[in-house]
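Visitor: Here it is, the structure, as structure tokens.
Bear in mind that the values in this text are calculations on the coordinates, not laboratory data. Owing to the predicted nature of the structure, the values given are computational and were not obtained by experimental measurement. Cβ: placed from backbone, ideal geometry, glycine included. Neighbour counts: every protein chain shown.
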Amino acid sequence: MTHLRPAVRAPLGLPVWIYLPALIGGAFVIAPLAAMLATVQWSQFWELVTSESSVAALKLSVKTAAMSTLLCILFGVPMAAVLARSHFRGLSVLRSLILLPLVLPPVVGGIALLYTFGRKGLIGEQLEVLGIQIAFSTTAVVLAQTFVALPFLVVSLEGALRTAGTRYEAVASTLGARPTTVLRRVTLPLVLPGLVSGAVLAFARALGEFGATLTFAGSLQGVTRTLPLEIYLQRETDPDAAVALSLVLVVVAVVIVVAVRGRGSAGSL
């Protein structure tokens, strides 16, 4: 009698040499983090990260990153839906322009925002007449973070929309549901994991934003000096504090990456 053995997944046949560059690449990423951990003054860590300027920068970073994430959701969901479900001439050009902040140096984005919302900017000059000043304010921080973080949510959600397909939406439409109802009751629940992942990535990008914020909002403690700016300033005056604050950002980034990867793995089961 032949006994059936359980199917065993065969190991992937990778060439032996490929492990060496993979190991070097992994070490290249991990070694700087390990070096930073070795440099942290653990006996003074709590004191360094709870100074007045550090706490103010952390609170401002979390607050502005949360606000920019809300803006990314507000505008990014419709943008992703249009990109994923529409078909018109120039769509590829539009997608490229929307995703442009992903490849632009953040400083360039800050300059673009300054010439748009600054006192002499395209829109800022009109707002100045109304007594509204955006540049070098907390609002400028939120706009700078939104500018660089929005594409992350759009890319994540557009991919989820394309993967989900349109069959359930088509069924709902044939049953008489209006487009808004289909979007709210069918489309968004289907792509909720992608939306959450995109929002988390957008928050992480906003939290770590530096170049556009410095160029467009400046560095005023309690108003525009976020945690990355505080780290940059502390690097010149107190390197130990800079390393400690950097570790805080690293921990936040690790938590976010693990959360996103965990959600992605759960969604793939």
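Visitor: Choose one of 13, 55, 237: the residue whose Cα lies farthest towards the positive end of the charge dipole of the chain (beta-carbon charges +1 Lys, Arg; -1 Asp, Glu; about the Cα centre).
Guide: Positive-end residue among those listed: 13.
Visitor: Can I ask one more? Using the number of other C-beta atoms within 10 angstrom as an exposure proxy, rank 79, 36 with the fewest first.
Guide: Details: 79 19, 36 14.
Ascending number of Cβ neighbours within 10 Å: 36, 79.
Visitor: Within 10 Å of each candidate Cβ there may be at most 14 other Cβ atoms; applying that plus a DSSP loop requirement, which chymotrypsin sites (Phe, Trp or Tyr not before Pro) in segment 21-107 survive?
Guide: Passing both the DSSP loop test and the Cβ count: 88.
Visitor: I've got another one for you. With a point put 7 Å past each Cα toward its Cβ, work out how far residue 63 is from residue 162 in nm, to one decimal.
Guide: 3.9
Visitor: Right, here's the next one. Work out how much length residue 122 to residue 94 would gain on full extension: take 0.36 nm times their residue separation and subtract the Cα-Cα distance, in nm to one decimal. Kindly include the intermediate steps, with their values, before the conclusion.
Guide: On the way: separation 28, 0.36 × 28 = 10.08 nm, distance 2.12 nm.
In short, 8.0 nm is gained.
Visitor: Could you please state, rounded to a whole Å, how far the C-alpha centre of segment 125-171 is from the C-alpha centre of segment 181-200?
Guide: Their Cα centres are 16 Å away from one another.
Visitor: Among (1) -0.45; (2) -0.57; (3) -0.36, find the value of log10 I(q)/I(0) by the Debye sum over Cα atoms at q = 0.09 Å⁻¹ that was calculated from the structure presented, and write down its label.
Guide: Given (1) -0.45; (2) -0.57; (3) -0.36, the structure-derived one carries the label (2).
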